[in-house]
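Each remark here refers to the structure printed beneath this line.
The values are calculated or read from the model by the stated rules, or taken from the named source; none is laboratory data. Computed from a predicted model, the values in this text were never measured in an experiment. Cβ: placed from backbone, ideal geometry, glycine included. Neighbour counts: every protein chain shown.
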Amino acid sequence: MAKMADGIPLLSASTQRTLADKLYEKRKNAAREVEAVIRGLVAQQDHDRISSLLSLLVNDFALSPQSNHRKQGGLIGLAAATMGLGSEAVQHLEKIIPPVLNSFTDQDSRVRYYACEALYNIAKVTRGDLVLFFNDIFDALCKLSADSEPSVQQAAHLLDRLVKDIVTESDQFSIEEFIPLLRERMNVLNPFVRQFLVGWITVLDSVPDIDMLGFLPDFLDGLFNMLSDSSHEIRQQADSALAEFLQEIKNAPSVDYGKMAEILVQRAASADEFTRLTSFTWLNEFVKLSGEQLVPYYADILGAILPAISDQEEKIRVVAKETNEELRTVKAEPAEGFDIGAVLVIARRELGSDWEATRLEALRWIALLLERHRTEVLSFLDDIFPALLSSLADTSDEVVCLVLEVQACIAGDAQHFHRLMVFLVHKFKIEQTLLEKRGTLALRRLCTLLDAERVYRELANIFEGEADLEFATTMVQALNLILLTAPELAEMRSLLKQSLLNPAGRDLFVSLSASWCHSAIATVSLCLLGQAYQHASAVIQALGESDINVNLLVQVDKLVRLLETPTFAYLRLQLLEPGRYPSLLKTLYGLLMLLPQQSAAFKILRTRLKTVPSQTFMHMQPSLPHTEFPGLSAIRRTASAGGYSQILSHIPTIQTSSTSEDGERSSDNINGPLGINFAAQLKQFEHMQHQHHLYQSQNKAPRRTLTPPPAQNGHHLSRTSDDVSDSVRRTRAASQVRMPQRTSWRS
């Protein structure tokens, strides 16, 4: 027991007993005696005795392991002592405050309640001096705000209001020391603690001398986390605080956008709709306000924006699209920290998005980067090119067209143009379904973007040396069908029609013919387009029995139907002068002889040939002996008992004239007037067909077994280049089946 120097106790025995009494009123009376004693000691300036009396109240009462009443008495006594000390209390706060704060965690709710009451009274006396213990008091109040006892919560709330008033008035408050504690508490999930924290953030931000905005990155994530709280009140308070900070950012001369942008990007991926919307609203303002400061973070921001463009919530989509457009207007440079590689990684990743809008924006970003930073983008070509090729299989035509535009932009120079074509061919080779679904669109679009003649010359060069002859045949047939039908290739067709008269047409004809040899009917088609009719006839005559298979018949069927389209209107008009174009008639009759009589194509072509002026044809002056189709002689002999005998009976005797004009005049020569060596071309064709025979003999096992496609009714071709996929499927299937018995084609 603390005593005076003369041995008299500082507090009488009765006062000490009353201070630990069960009744509050008795303890309160004892506290008044403590206050009176302290006032007397202050008047005497006897700080040693004051310190001894405070130690008595702390050790024997407030921290006593005995009854809670004794603790409560100690807390009341400390508050009374502080009031007795008055302005002198600041010298003894280090003894008074800790035991009171320690009581905040006592198991007895009444002790916690009286601790709040004691600190409230102490705070009223000490005011600004209490700020020295602010962090400890804040931590204790943070815990009490979630207390299970309503009375304790209410007491803590009253104390909290007083402490806020004291802090806002004080010039001793240190925000630098407080922020780490606030940051640590921001991730607490308890709703009462969250309300407590938001309340303090709002109060401190309202103090002009406290720069909360400068420390916003330290607790911004916690505020955004509160936006998804189950309590509407907490969400509203957090949103209100964030809105106030955003307004301050707009008016602030300098803000650290970078750290906050990282937080916003993370929160933009939240499952909570309101959190995402707020995050994108902030990002949108940041992009508008920050200028070059956010350049190093553009890749991360774009990674958040692109998926949000397809968000289910319309408001988020609108803000994300607006932010994306703002980003596109900023012409950032690598020297400013703009990471082109990182942006390309994001764009490539979003090419695999499930949403069309996101995929389109990813492609637009690649196109934009190519436009602004072509050299840097091309250095990442190996990374992005496979993704671009895979996107050709996209279900959206708009996506595929944009992919092709990007690829065409990459192929602006010769080196990358060749690489694009090689990559594209390889992709078609390993994914034949891609050729079926998107082959036509891809090839036609590239012809528009990169010049059709350039594309065809490059592809022809590639397929000329293609080792997989089956794939080469399929591709050549697809290219040939596009050549004959696509509006984008009209100029190229016009040039080929001048193959025997124009050097440019001749060069194009020769450059295509080598690879076109993979397909006999493609070669015939090219000759018909180039008006090299005698060579077309020679190609047909060069066909042997083993060449007449389902694949060839399918291609003949398509060619016959194409002859009825506007592309070959000039050819049909030339039939009005059979004497001038005898090799054309011979070619058409050759095609007729290859077709089964039951097929619609046979009837179409036969009907067309019946319209040839017969009198003119019959009265042509013979200048050469009657000719026959030597290549078909074997067929005539072996098919005499079958349907082919009836087909061959329709072939009239054809005479050629040395006075034929235009294309026929040149066709009678081994070499055309512009140097096309048709004899060499024929040998090249025969050699290629021989290579195909060897290839087929080495790959006899079919991948699948199909029956020949049924003959169609005799309607004209309604779809042209859009049917390349159907052509590819039928051609690939037909090349893998055996020819049916000849009797199956009998009429």
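So here's what we get for this one:
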| quantity | calculated |
| --- | --- |
| Residue count, segment 323-354 (criterion: at negative phi and either among the hydrophobic types (A, V, I, L, M, F, W, C) or part of a loop (DSSP other than H, G, I, E, B) (or both)) | 19 |
| Residues within segment 176-216 that are of a type in the set (Ser, Thr, Tyr) and either more than 20 Å from residue 229 (Cβ to Cβ) or touching a Cys at 6+ places or on another chain (Cβ under 8 Å) (or both), tallied | 1 |
| Near pairs, Cβ below 7 angstrom, 6+ apart or cross-chain, from segment 218-244 (in contact (Cβ under 8 Å) with a residue 24 or more places away in the chain and surrounded by 17 or more Cβ atoms within 10 Å (Cβ to Cβ)) to any residue that is among the small types (Gly, Ala, Ser) and not in a helix (DSSP H, G or I) | 228/270 |
| Members of segment 168-210 that are surrounded by 15 or more Cβ atoms within 10 Å (Cβ to Cβ), within 39 Å of the chain's Cα centre (by Cα) and part of a loop (DSSP other than H, G, I, E, B) | 186, 188 |
| Number of the exception - residue 165 against (1) part of a helix (DSSP H, G or I); (2) in contact (Cβ under 8 Å) with a residue 24 or more places away in the chain; (3) among the acidic types (Asp, Glu) | (2) |
| Residues located in segment 159-188, provided they are among the hydrophobic types (A, V, I, L, M, F, W, C) and over 21 Å from residue 217 (Cβ atoms) | 159, 162, 163, 166, 167 |
| Leading residue by the ranking (farthest from residue 110 (Cα to Cα)) among those in segment 29-53 that are without any contact (Cβ under 8 Å) to a residue 12 or more places away in the chain and part of a helix (DSSP H, G or I) | 43 |
| Selected residue (only one of 138, 104, 173, 133 is touching a residue at least 12 places away in the same chain (Cβ under 8 Å) and under 25 Å from residue 226 (Cα atoms)) | 138 |
| In segment 102-122, the residues that are of a type in the set (A, V, I, L, M) and either surrounded by fewer than 21 Cβ atoms within 10 Å (Cβ to Cβ) or more than 18 Å from residue 85 (Cα to Cα) (or both) | 111, 115 |
| Qualifying residue in segment 437-453 (condition: more than 15 Å from residue 477 (Cα to Cα), assigned to a helix (DSSP H, G or I) and without any contact (Cβ under 8 Å) to a residue 24 or more places away in the chain) | no |
| Qualifying position, being buried (at least 20 other Cβ atoms within 10 Å of the Cβ) and aliphatic (A, V, I, L, M), among 363, 381 | 363 |
| Some residue of segment 328-341 being of a type in the set (S, T, N, Q) and modelled with pLDDT under 95 | yes |
| Residue 321 being under 25 Å from residue 279 (Cα atoms), assigned by TED's automatic domain parsing to the domain that holds residue 280, at pLDDT 95 or above and not acidic (Asp, Glu) | yes |
| Condition check for residue 376: on the phi < 0 side of the Ramachandran plot and either touching a Pro at 6+ places or on another chain (Cβ under 7 Å) or surrounded by 19 or more Cβ atoms within 10 Å (Cβ to Cβ) (or both) | yes |
| Members of segment 54-68 found to be within 10 Å of residue 95 (Cβ to Cβ) and among the hydrophobic types (A, V, I, L, M, F, W, C), listed by number | 54, 57, 58 |
| Helices (runs of 4 or more DSSP H) contained entirely in segment 54-145, each with at least 3 residues that are in contact with a Leu (Cβ under 9 Å, 6 or more places away or on another chain) and either closer than 21 Å to residue 181 by Cβ or not assigned by TED's automatic domain parsing to the domain that holds residue 32 (or both) | 93-102, 109-126, 134-144 |
| Test: residue in segment 58-77 that is touching a Gly at 6+ places or on another chain (Cβ under 7 Å) and either surrounded by fewer than 19 Cβ atoms within 10 Å (Cβ to Cβ) or of a type in the set (S, T, N, Q) (or both) | yes |
| Count - residues of segment 449-492 that are surrounded by 23 or more Cβ atoms within 10 Å (Cβ to Cβ) and acidic (Asp, Glu) | 0 |
| Subset of segment 517-548 [outside any helix (DSSP H, G or I) and either within 46 Å of the chain's Cα centre (by Cα) or free of Cβ contacts under 8 Å to residues at least 60 places away in the same chain (or both)] | 517, 518, 519 |
| In segment 310-322, the residues that are more than 16 Å from the chain's Cα centre (by Cα) and part of a helix (DSSP H, G or I) | 314, 315, 316, 318, 319, 322 |
| Answer from 588, 576 - the residue that is of a type outside the set (Asp, Glu) and modelled with pLDDT of 95 or more | 588 |
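Rundown of residues vs (1) under 44 Å from the mean Cα position of the chain (by Cα); (2) buried (at least 19 other Cβ atoms within 10 Å of the Cβ), yes/no style:
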{"residue": "143", "(1), (2)": "no, no"}
{"residue": "146", "(1), (2)": "no, no"}
{"residue": "150", "(1), (2)": "no, no"}
{"residue": "159", "(1), (2)": "no, yes"}
{"residue": "162", "(1), (2)": "no, no"}
{"residue": "165", "(1), (2)": "no, no"}
{"residue": "213", "(1), (2)": "yes, no"}
